[in-house]
Structures are given as C-alpha cells and as structure tokens.
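Colleague: Here it is, the structure in full.
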Amino acid sequence: SQQGEEDPQALSIQEGENATMNCSYKTSINNLQWYRQNSGRGLVHLILIRSNEREKHSGRLRVTLDTSKKSSSLLITASRAADTASYFCATDLTGNTGKLIFGQGTTLQVKP
Amino acid sequence: GAVVSQHPSWVICKSGTSVKIECRSLDFQATTMFWYRQFPKQSLMLMATSNEGSKATYEQGVEKDKFLINHASLTLSTLTVTSAHPEDSSFYICSASGGRLYNEQFFGPGTRLTVL
C-alpha cells in the first residue's frame, strides 16, 4: 500500500515564484527521495535525503526532512515553465528492502 | 552512467493476448529490478521485486500468474502480462539497482500498454 501522502495534489504558480510541496509518511525510513515525471514519461531522480540529514540543496531545489514529524518538503525556487511536471516523494523503508514506496504526487503547473 | 531502457515504449494488443516488456540496465549490473504500474493521473504502485537468478517477490494483490517476471541475467528483466484485458492497460515502469549503485534505483522510460 502507498506509504506517503503529498500535498497539495495540484499547484499552479507564475514563473519566477517558488513552489513548495509536502510529503508525509508513516513508518521509519532509510532515506526519502524526490522524483519528477513529465506527462507520460519516465521518472527523473531529483534528490535523496538520508534519515540522519535535515536539509539538502541541489541547484534550485531545497529538500527538508523532519523524521519526528515523518514529513519532507521540496522547495523549487525561481520556478520556470519547464518545471511543469508531477513530483513524487518516495520512501526507502527501514529494513533495507530496497523497495521504494511512492506518495500520491503533486502536479505542478508553472505559467509563463 | 546508470541508464535503464525499456522495450517496447508502447504496445497495443487485443484482449486475451500476452505481452512481454523488457527492462535492461545498459551500463551496470542490476542485481535487483523492480516493476511498477501507474494508472493515469495516479502514482506508481510497486508490483514486484526481482533478484537475478531467483523468483520474483510480488506485492499484495498482484497476481503472480498473470504478471510473469523473469530476471535471468544481470542486465535483463522481463514482465509478461498474460491474457491481457482492458483493465491491464497502464503505464509499466521498471527500475534497477545493483553493484556500487545498490543504494539507488534507476528508472526506465516506461511502457504504455493499451489492451483493446
């Protein structure tokens, strides 16, 4: 069954604005990952944050992780029209199964 | 590096036929491959995990006799949808991990299956 819930389900912003997406999960994790998916395409790995990390940056992306609240957020700064896509968080559960459990996803639309 | 391919990228078949989807790791040895299914506007649902040379482990609710998975080599896993029906129409995505890349999964581009 799905582990994560994401909010908002859909987000529409203007180019240049920041976009924040949130992900919550239920059980302990090894790491949490964020992916992007353009419509009808495969997944693009964005960033991985380990359970002992609290914040990570990659270019215009900033990810935070709060294991006490079992939640993570993805911030995209200075958004561009090309950022329009669906964004998913995925958790690698403790136990080293290697399986990823995906959240429901957030559909982001960036208007030019 | 860490490229995963899928073939075909899309397939249309008649109800009752079987369809085979291939997943290949092009530049690393994938000891583990995962198969996901994604319905329109939904998230990815893990179907099964396959380790090279052993039987696949299916998630609850996934029929192993309907979705046959073979992982015969370190670079190839196949998913066969047997006796396909319209409700099997979906986007099937594989991912692979292995070797020094054991900690990450690398995703294929997906296969769009439409069953008429």
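Colleague: From (1) under 30 Å from A:Ala10 (Cβ atoms); (2) more than 9 Å from chain A (Cβ to nearest Cβ); (3) among the polar types (S, T, N, Q), pick out the condition that doesn't hold for B:Ser77.
Modeller: Of everything listed in (1) under 30 Å from A:Ala10 (Cβ atoms); (2) more than 9 Å from chain A (Cβ to nearest Cβ); (3) among the polar types (S, T, N, Q), B:Ser77 misses just condition (1).
Colleague: Restricting to the range A:31-55, count the residues that are assigned to a strand (DSSP E or B) and surrounded by fewer than 16 Cβ atoms within 10 Å (Cβ to Cβ).
Modeller: Result for the range A:31-55: 3.
Colleague: Tell me, yes or no, whether the range B:59-72 has at least one residue that is within 12 Å of chain A (Cβ to nearest Cβ), out of contact with any strand residue (DSSP E or B) (no Cβ under 9 Å at 6 or more places or on another chain) and among the polar types (S, T, N, Q).
Modeller: Scanning the range B:59-72, I find at least one residue that is within 12 Å of chain A (Cβ to nearest Cβ), out of contact with any strand residue (DSSP E or B) (no Cβ under 9 Å at 6 or more places or on another chain) and among the polar types (S, T, N, Q), so the answer is yes.
Colleague: Can I ask one more? Select from the range A:43-95 the residues that are of a type in the set (S, T, N, Q) and touching an Asp or Glu at 6+ places or on another chain (Cβ under 8 Å) and write down the one among them that is nearest to B:Gln42 (Cα to Cα).
Modeller: A:Ser72
Colleague: From A:Ser51, A:Ser68, A:Ser39, grab the single residue that is among the hydroxyl-bearing types (Ser, Thr, Tyr) and closer than 30 Å to B:His7 by Cβ.
Modeller: One residue alone meets the criteria, A:Ser39.
Colleague: Taking the conditions exactly as written (away from chain A (no Cβ under 11 Å) and not in a loop (DSSP other than H, G, I, E, B)), does B:Thr49 satisfy them or not?
Modeller: In short, no.
Colleague: Criterion first (away from chain B (no Cβ under 14 Å), crowded, with 19+ Cβ neighbours inside 10 Å and either at pLDDT 95 or above or within 23 Å of B:Pro40 (Cβ to Cβ) (or both)) does A:Leu65 satisfy it?
Modeller: So A:Leu65 passes the test.
Colleague: Let me confirm something: among A:Ile13, A:Ile49, which residue is β-branched (Val, Ile, Thr) and in contact (Cβ under 8 Å) with a residue 60 or more places away in the chain?
Modeller: Of the residues listed, the single one that is β-branched (Val, Ile, Thr) and in contact (Cβ under 8 Å) with a residue 60 or more places away in the chain is A:Ile13.
Colleague: Regarding the range B:26-35, can at least one residue be identified that is crowded, with 21+ Cβ neighbours inside 10 Å, under 21 Å from B:Ala2 (Cβ atoms), within 11 Å of another protein chain (Cβ to nearest Cβ) and within 13 Å of the chain's Cα centre (by Cα)?
Modeller: yes
Colleague: Among the residues of the range B:64-88, write down those that are more than 28 Å from B:Asp27 (Cβ to Cβ) and under 14 Å from the mean Cα position of the chain (by Cα).
Modeller: B:Lys64, B:Lys66, B:Thr82, B:Asp88
Colleague: Scan the range A:34-55 for residues that are of a type in the set (Phe, Trp, Tyr) and more than 10 Å from every other protein chain (Cβ to nearest Cβ) and jot them down.
Modeller: The answer is A:Trp34, and nothing else.
Colleague: Which of the residues belonging to the range B:52-84 are loosely packed, with under 14 Cβ neighbours inside 10 Å, in a loop (DSSP other than H, G, I, E, B), at negative phi and among the hydroxyl-bearing types (Ser, Thr, Tyr)?
Modeller: Of everything in the range B:52-84, just one residue is loosely packed, with under 14 Cβ neighbours inside 10 Å, in a loop (DSSP other than H, G, I, E, B), at negative phi and among the hydroxyl-bearing types (Ser, Thr, Tyr), namely B:Ser54.
Colleague: I'd like to verify a number: residues in the range B:5-46 that are assigned to a strand (DSSP E or B), touching a residue at least 24 places away in the same chain (Cβ under 8 Å) and either in contact with a Pro (Cβ under 6 Å, 6 or more places away or on another chain) or not acidic (Asp, Glu) (or both), how many?
Modeller: Qualifying residue count for the region: 21.
Colleague: Turning to a different aspect of this structure: In the set A:Phe88, A:Phe102, which member is touching a Cys at 6+ places or on another chain (Cβ under 8 Å) and either within 14 Å of chain B (Cβ to nearest Cβ) or among the hydrophobic types (A, V, I, L, M, F, W, C) (or both)?
Modeller: A:Phe102
Colleague: Restricting the search to the range B:90-109, which residues are over 14 Å from the mean Cα position of the chain (by Cα) and either of a type in the set (Phe, Trp, Tyr) or under 17 Å from B:Lys14 (Cα atoms) (or both)?
Modeller: B:Tyr102
The values are calculated or read from the model by the stated rules, or taken from the named source; none is laboratory data. Owing to the predicted nature of the structure, the values given are computational and were not obtained by experimental measurement. Note that each Cβ is placed from the backbone with ideal geometry, even for glycine, and that neighbours are counted across all protein chains shown.
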